[in-house]
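Novice: Shown below is the structure under consideration.
Just so it is clear, none of the values below were taken in a lab; they were calculated from the coordinates. The shown structure was predicted, so the numbers you read here are calculated from the model rather than taken from an experiment.
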Amino acid sequence: MGYGEKQIEELEATINSTPCDLVLVATPIDLRRLIDIEKPSDRVRYELEEISHPNLEEIIRERLG
């Protein structure tokens, strides 16, 4: 799913008006390429390790089943 121009403008305004010390960008794309973040920012990545059941795959299969 993409962002529309208005959504991008609103996201930029929201981020820049939020009092914070650091903005963590954890989206599939680097939002810093789309918006001007006026605060220190860093891009982070993450991985999901499921350790309990039902896990996400099991829940989806059950619902689609």
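Novice: Rounded to whole Hz and in sequence order, give me ³J(HN,Hα) for segment 11-27 from the Karplus expression 6.51 cos²θ - 1.76 cosθ + 1.60, θ = phi - 60°, writing x for Gly and Pro.
Specialist: My calculation for segment 11-27 gives 4, 4, 5, 5, 4, 6, 9, 8, x, 7, 8, 7, 9, 9, 9, 10, 9 Hz in order.
Novice: What label, among [x] 24, 13, 10; [y] 34, 21, 10; [z] 32, 16, 10, belongs to semi-axes √(5λ) of the Cα gyration tensor in Å computed from the structure on display?
Specialist: [z]
Novice: Hey, what number do you get for the chain at 222 nm if only DSSP H runs of n ≥ 4 count, each worth -39500 (n - 2.57), divided across all residues, to the nearest 500?
Specialist: Helix contribution divided over all residues of the chain: -10000 deg cm²/dmol.
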